[in-house]
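Following: one structure in structure tokens, then a few remarks.
Read-outs throughout are calculated quantities, based only on the coordinates presented, and are distinct from any laboratory measurement. The shown structure was predicted, so the numbers you read here are calculated from the model rather than taken from an experiment. All Cβ positions, glycine included, derive from the backbone under ideal geometry; neighbour counts span all protein chains shown.
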Amino acid sequence: MKAPLPVWVLAACGLLFVALPFAGLLQRTPWTDLPSLLAEPAVREALKLSLTTSVAAVALSMLFGVPLAWMLARGRMPGRSVVRGVVTLPMVLPPVVGGAALLFALGRRGLIGQYLERNFDILLPYSTAGVVVAQTFVAMPFLIVTVEAALRSTDIRYEQAAATLGAGRWMTFRRVTLPSVAPSVAAGAVLCWARALGEFGATISFAGNLEGRTQTVPLAIYLALQHDRDAAIAMSLVLITVSLLLLIALRDRWYRVQT
């Protein structure tokens, strides 16, 4: 069906509204100095820290998120809709609020943090581990939503057949369920990684902005905007490129999973 002219005009305005800021960024990019800007010690340290912590966040998200997605899709539990709401809350919650919540829960005087420090000498705020915790908190829901949707659309007869052949629950989960949703797990993990890589609000609220320790790329961009805009633009370009490539690669799979 051919769209009417007003729809085309409004759609073009919407596209322009979204694309114009990126065009402005590209126009200001110091292309000739880009390699040297990205090679600066502070930039390299921030990139290294972001890659390390975001990969660790994905590992934690898969460890806890895949079983949680299975419970939401297949498990029988009271108040499942409430649990799902709590699990997906970090997706819509302002990241700064999430960071504050983490601080009140895992900080030195937090609900759990006081016991972690007292009994195990573990202090998460303003540490690299705290960055991983903050990134996992905001990114894991993307993995859970993707995997849960895939589990809901998967034919359970294969699992039932495995059970009738004598396979236990754990073997069925490992040998039948996980392979059937493996592409969606991979897609969810990539989305989770992209979200963790770009996390800012929860990280700065919970882990601070300490160079070489908690200063990831988004935090380094925020700091560089105040004194070195060329470096900020260079790091922004890296994040935009990575995110755009991932979204283009996963757009069709994400759409199929959600529908």
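Would you work out which of Gly130, Phe142, Ala161 lies farthest towards the positive end of the dipole of the chain, given +1 charges on the beta-carbon of Lys and Arg and -1 on that of Asp and Glu, about the Cα centre?
Projecting each Cα onto the dipole axis, the largest value belongs to Ala161.
Percent relative contact order of segment 37-258, based on C-alpha pairs within less than 8 angstrom and at least six residues apart?
Relative contact order for segment 37-258 comes out at 32 percent.
Taking springs between alpha-carbon atoms closer than 10 angstrom, which of Val58, Val87, Val18 fluctuates most in the Gaussian network model of the chain?
Maximum fluctuation in the GNM of the chain, among the listed residues, is at Val18.
By Kyte-Doolittle mean hydropathy of at least 0.0 and Cα axial length of at least 27 Å, which whole DSSP H helices of the chain are selected?
5-28, 41-74, 128-153, 229-258
Cα centroids of segment 163-178 and segment 59-94: how far apart, whole angstrom?
Result: 22 Å between the Cα centres.
Shape of the chain from its Cα gyration tensor (a ≥ b ≥ c, root eigenvalues): rounded if a/c is under 1.5, otherwise prolate when a/b > b/c, or oblate?
Oblate shape, in that a/c is at least 1.5 and b/c is the bigger or equal ratio.
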